[in-house]
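What follows is a short report on a single structure.
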Amino acid sequence: MIPIRKTFSLVFIIGASVLLYVTWHMETQQHFQKNMVEMSQVEEEATMDDPRPLLNPGIMLVEITDNAELKPLVMCSVESTARQNPDKPIYFFMKGFSGNLSQYPEPEYRLIPLLSSMKNVVLLPLNATELFEDTSLKFWHQKVNPEKEKYWTHVFADGCRLAMLWKYGGIYLDTDIISMRPIPFANFTCPQHFKTVSNGAIGFSHRHHPVLWNCMEDFVANYIGHIWGQQGPQLLTRVLKRWCQTNNLAPFIGKECNGISLWITNRFYPIPHPAWKRYYTPWKKKDIERTFSATYGAHVWNYMNRNDKKEIVTGSLIEHFFQLYCPSTYRNVIQLNHSTW
């Protein structure tokens with residue numbers, strides 16, 4: 001009898017243990033699934049309420065004026081970037097955009113609805129106070145007087161791109177770059193010639209790269225607003241020289257320096273800025289193919305056109321680019337309204 005009782009007790013204990021484990025496992029799974037659903041809902045709500053690029057690095061462009069109706073070149077820049085990079089989100093920050101698309105109905109507004117219809121374009125308001133928070137640019141922005149700045153829009157844009165890349169990672173492009181090919185995510189800069197690294201196209205595949213923090217520190221420490229390029233290409237060149245521990249960056253062009261690539265000039269600046277008018281002249285097909293064979297995006301030097309205000313001429317290279325890389329802008333803006341930049 002005693003062995004039978006012991007056996008029965010042992011079986012009872014094992015059975016009870018199994019039952020307790022099964023019960024605990026089921027409750028744990030239910031709790032886990034519930035938490036996952038709640039987390040998913042929180043993420044969806046955060047995305048809906050705050051669509052800024054906090055999770056997925058993409059390509060960023062900025063409109064730093066208060067204009068809601070954009071210039072054709074800006075439209076072409078955003079559209080061409082979206083078309084050439086369909087797998088990447090295109091974040092377009094606009095100072096004059098409220099964030100509410102319903103405030104920009106057609107036909108009163110044509111260009112914002114056109115951009116918002118592109119599936120990978122995300123329109124976002126540009127809030128400088130929020131952007132510069134937690135960076136060394138915060139106190140500079142609080143103290144600077146835009147009315148006394150000679151190149152305020154350009155200096156402001158220089159600061160914005162550094163803060164965006166620091167906070168979000170990804171790629172920054174100027175709005176006078178017409179994208180021609182997909183741009184890979186990488187830590188890259190691109191010299192506009194052998195002495196100067198331009199800040200018109202920059203990429204950092206992950207946020208919080210130390211070079212960007214160094215750039216923001218240099219921006220404040222060596223701020224001279226009335227010198228053209230001091231906070232832009234000259235700043236980036238200064239910082240990269242320190243990063244690469246050299247006084248001459250030319251040998252690094254086409255190579256990598258401490259984890260940052262200096263792409264060849266033709267990636268974004270196949271035509272140098274003194275020759276910017278070539279974009280408004282007719283080209284032969286073979287010359288286009290030869291000049292832009294390695295180009296991700298053509299920087300057309302819109303600042304150089306501020307006085308001439310050249311328009312798109314039939315048969316010109318710039319018209320060819322509009323037709324090929326931003327056809328919606330060409331149809332809806334250029335052909336309907338013969339407008340300047």
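Checking each residue of the stretch 291-299 against the condition of being in contact with a helix residue (DSSP H, G or I) (Cβ under 8 Å, 6 or more places away or on another chain), of a type outside the set (Phe, Trp, Tyr) and within 27 Å of Pro113 (Cα to Cα) gives at least one match. Restricting His206, His193 to residues that are touching a Pro at 6+ places or on another chain (Cβ under 7 Å) and modelled with pLDDT under 95 narrows the list to His193. Can you pull out every residue in the stretch 257-290 that is in a loop (DSSP other than H, G, I, E, B), without any contact (Cβ under 8 Å) to a residue 24 or more places away in the chain and at negative phi? Across the stretch 257-290, the qualifying residue is only Lys284. Checking the stretch 231-241 against the condition returns a match, with at least one residue being among the basic types (Lys, Arg) and under 14 Å from Asn199 (Cβ atoms). Just one residue in the set Gly170, Gly254, Gly232 is on the phi > 0 side of the Ramachandran plot, touching a residue at least 24 places away in the same chain (Cβ under 8 Å) and open to solvent by less than 70 Å² (accessible area, probe 1.4 Å); that residue is Gly170. Across the stretch 309-326, the number of residues qualifying as touching a residue at least 12 places away in the same chain (Cβ under 8 Å) and exposed (fewer than 15 other Cβ atoms within 10 Å of the Cβ) comes to 3.
Let's see how each residue does on (1) outside any helix (DSSP H, G or I); (2) free of Cβ contacts under 8 Å to residues at least 12 places away in the same chain; (3) touching a strand residue (DSSP E or B) at 6+ places or on another chain (Cβ under 8 Å); (4) on the phi > 0 side of the Ramachandran plot:
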residue: Gly99; (1), (2), (3), (4): yes, no, yes, yes
residue: Pro107; (1), (2), (3), (4): yes, yes, no, no
residue: Leu131; (1), (2), (3), (4): no, no, no, no
residue: Gln142; (1), (2), (3), (4): no, yes, no, no
residue: Thr153; (1), (2), (3), (4): no, no, no, no
residue: Gly159; (1), (2), (3), (4): no, no, no, no
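Yes or no: the stretch 172-194 includes at least one residue that is out of contact with any helix residue (DSSP H, G or I) (no Cβ under 8 Å at 6 or more places or on another chain) and in a helix (DSSP H, G or I). The answer is no, given that none of the residues of the stretch 172-194 is out of contact with any helix residue (DSSP H, G or I) (no Cβ under 8 Å at 6 or more places or on another chain) and in a helix (DSSP H, G or I).
The values are calculated or read from the model by the stated rules, or taken from the named source; none is laboratory data. Remember, it's a predicted structure, so these values are computed and weren't measured experimentally. Cβ: placed from backbone, ideal geometry, glycine included. Neighbour counts: every protein chain shown. Just so you know, the surface numbers come from the protein's heavy atoms only, side chains and all, with ligands and any DNA or RNA stripped out. Shrake-Rupley method; radii C 1.70, N 1.55, O 1.52, S 1.80 Å.
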